[in-house]
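Below: one structure, written as structure tokens.
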């Protein structure tokens, strides 16, 4: 049995340090059309408990352009989406 392919996104921090993140899931808000990606640090991917980071994203060719989520209502909506995905064992 082969393991599913893991999608990795490398984020360059403001100080120039690169960090790899594993894609947990993608989500598009049907009301707004805004696209989101949920990421976990690749070095924590095997941990039972891990921090999940949501980002807005846009596609530019083969690249994803990530933007932080800064609005409290948006955070709450994404927390609900993530909980729903975990409850349904989609992630």
- Note on the structure: Restricting the stretch 30-52 to residues that are surrounded by 10 or more Cβ atoms within 10 Å (Cβ to Cβ) and over 16 Å from residue 66 (Cα atoms), the one modelled with the highest pLDDT turns out to be 42
- Message: Cβ-Cβ distance below 8 Å, separation of 6 or more or different chains: which pairs start in the stretch 61-85 with a residue that is over 18 Å from residue 51 (Cβ atoms) and end on one that is assigned to a loop (DSSP other than H, G, I, E, B)?
- Response: 77/29
- Among the residues of the stretch 53-72, count how many are at pLDDT below 90 and either touching a strand residue (DSSP E or B) at 6+ places or on another chain (Cβ under 6 Å) or not in a loop (DSSP other than H, G, I, E, B) (or both). 2
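The values are calculated or read from the model by the stated rules, or taken from the named source; none is laboratory data. Source: prediction; values computed, not measured. Note that we place each Cβ from the backbone using ideal geometry, even for glycine, and neighbour counts take in every protein chain shown.
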